[in-house]
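What follows is a short report on a single structure.
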Number of protein chains: 2
Amino acid sequence: MIELHLLKLRARDEISAEEEAALRGAVADVVDYPADRTIIEANRDLTHSTLLLEGLMGRYKDLRDGQRQITALHIPGDFLDLHSFTLKRLDQPVMSLTRCRTALVPHAKLEEITRNFPHLTRILWFSTNLDACIHREWSVSLGRRTAIARAAHLFCELQIRFGIVGLTDGTSYPLNLTQIELAECLGLTSVHVNRVLKELRERGLAEFRGGKVTILDWDGLVRVADFDSNYLYLERAPR
Amino acid sequence: MIELHLLKLRARDEISAEEEAALRGAVADVVDYPADRTIIEANRDLTHSTLLLEGLMGRYKDLRDGQRQITALHIPGDFLDLHSFTLKRLDQPVMSLTRCRTALVPHAKLEEITRNFPHLTRILWFSTNLDACIHREWSVSLGRRTAIARAAHLFCELQIRFGIVGLTDGTSYPLNLTQIELAECLGLTSVHVNRVLKELRERGLAEFRGGKVTILDWDGLVRVADFDSNYLYLERAPR
DNA sequence: CGGGTGGTTGAGCTTTCTCAAATAGAGTGG
DNA sequence: CCACTCTATTTGAGAAAGCTCAACCACCCG
């Protein structure tokens, strides 16, 4: 059940058999959700964190004037809200973008881990820090990159992230978002995203259609995005 | 020495005398830096984290084309890179924006804490998660807020953060940044920041001059910014 | 076949950027 | 104390990226 999550962690550090068992033992129920459902509301007291097994989720914030910014995308193997273990409530809600399957991990079990498995604790801590690294890189995109570079950068990032959990065939991966939702990730309007996608397609860099991203020219896309995977911490190191 | 950091933590949870002692015992040398110096370079192996005692620091990323985005501002009492404890290297460098005084906290000491003080560990973990919440809110600003709302939002956030560590007199706090650096935080050009600051001043909302922010009309500023302090987790709760 | 959602395109507009120049201020050496 | 220099701030004018509004198309599903 937590196979994809283990893939993600083991790409960054060794996980012992005992640690793996502790992690497996921490998982409680499996819960499914339809698409377009807020599954973790903001400011509610939480007693468990949620691991994403299948589907696509996003953290977002709605502004008073009706605009929405998606601040993070979660793919299978990601915790949606491991940070809720210490935060106790979320400042930003999490919604399903497609149909999803999740596994609940009670905070009580995580607390046991912090008492008995210091190294595993650090690995879980690492994984929330990795989320923060991705947030910072998104800030760079939103603050400084052009529309086309932002889209290219996101496609590069996701190619790597899907690759880690074995969900890409090398040149394409599932991304069942509407152009409106993609615009909400990129800080653009859907109209402009449409034009940007057209340009990426016409320049032979990447294609977004049918709920799927296809990388047509990785090096070209990396160049347009000014993409550097450093921030994804793809090396194994003792954490 | 770690008084301001304790203020910050104790605003969010109880810290026992033993935990306080463990934290005090973790601090090693004090180091001073001049302004405008990169003090933690990207991708270097790190063996300690750094606590900011005095001054202003920022995490940033330079793009190929010469643009810079500042992704976080650190004020006294903040860890600059507590996340380096699990990341082992930083994806984004940290620089001093003013003259600064810091205290080094060896990772070995933090590791001891994770072995012996699970609750304190969770509090430190919380504090990196809080950084991430701020990152997400910055993403919202960069992605969706207008230039004036972005500036107003940052001024609101910093008023609260300086307030927690007792460095505001209620209406003003030190912020010794150039307009260029402020622009690098806000994802704008310095020319436009200048015009935005003028508008905030003329509308009687806030003033930025002489290395200091003065809030002239808190409610008005909050309205312009669409500011909600939820994401700063100002409540005490068992973490 | 019809309704609904999402994608595509065009035209004009707004925000913010770029380029350029003028002004202000802080620090330095004479 | 004054000229000089350097950096930061301020303002103006024109350009560009991306937004808004509107229409039309394509596809899916009942």
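Below is a table of values for the structure above.
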| item | result |
| --- | --- |
| Amide H contacts of residue B:72 (H built 1.01 Å from N, under 5 Å, at least 5 apart or other chain) | B:59 |
| Directionally averaged projected area (convex hull, Cα atoms, the range B:200-239), nm² | 4.0 nm² |
| Ascending count of other beta-carbon atoms within 10 Å, so fewest first, for A:111, A:19 | A:111, A:19 |
| In degrees, nearest ten, helix A:147-164 long axis to first principal axis of chain A (Cα) | 40 degrees |
| Dimensions (Å) - the range A:87-188, Cα atoms, principal axes, largest first | 47, 31, 24 |
| Amide H within-cut-off set for residue B:213, under 5 Å, with H built and near neighbours excluded | B:173, B:175 |
| Neighbour-count ranking [beta-carbon atoms within 10 angstrom, fewest first] of B:13, A:36 | A:36, B:13 |
| Trypsin sites (Lys or Arg not before Pro) within the range B:39-105: DSSP coil, no more than 13 neighbouring Cβ in 10 Å | B:44, B:64 |
| Cα extents of the range B:8-62 along the three principal axes, largest first (Å) | 40, 23, 21 |
| Radius of gyration and maximum dimension Dmax of the range A:170-236, Cα, Å | 12.8, 41 |
| Span per principal axis, largest first, for the Cα atoms of the protein assembly as shown (Å) | 55, 52, 39 |
| Peptide B:52-61 - average C-beta neighbours from other chains (10 Å radius) | 1 |
| Where the Cα pairs of the range A:62-121 fall when distances are cut into 5 Å bins, in % | 4, 13, 21, 21, 18, 12, 6, 3, 2, 0 |
| Relative contact order (%) - criterion: Cα under 8 Å, at least six apart; region: the range B:169-239 | 28 percent |
| Hydrodynamic radius of the range A:1-102 per Kirkwood, over alpha carbon pairs, in Å | 14.4 Å |
| Residues with amide H under 5 Å from that of residue A:100, placed H, sequence gap 5 or more | A:33 |
| Gaussian network model of chain A, springs between alpha carbon atoms under 10 Å - residue of A:163, A:55, A:66 with greatest fluctuation | A:66 |
| Projected area averaged over orientations for the range A:133-206, convex hull of C-alpha atoms, nm² | 5.0 nm² |
| Distance (nanometres) between label positions extended 7 Å along Cα→Cβ at residue B:7 and residue A:178 | 4.8 nm |
| Cα convex hull of chain B, projected area averaged across orientations, nm² | 12.5 nm² |
| Cβ-vector label at 7 Å, residue A:178, separations to other copies in nm | 4.5 |
| Restraint check, A:88/B:198; A:88/B:212; A:61/B:109; B:8/B:109; B:8/B:61; A:198/B:88, Cα-Cα greater than 30 Å | A:88/B:198; A:88/B:212; A:61/B:109; A:198/B:88 |
| C-alpha long axis of helix A:17-26 to longest principal axis of chain A, angle in ° | 80 degrees |
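Each reported figure results from applying straightforward, stated rules to the coordinates on display, with no laboratory input. These numbers were taken from a predicted model, which means no experiment stands behind them. Methodologically, a virtual Cβ is constructed for each residue, glycine included, from the backbone with ideal geometry; neighbour enumeration extends over all protein chains shown.
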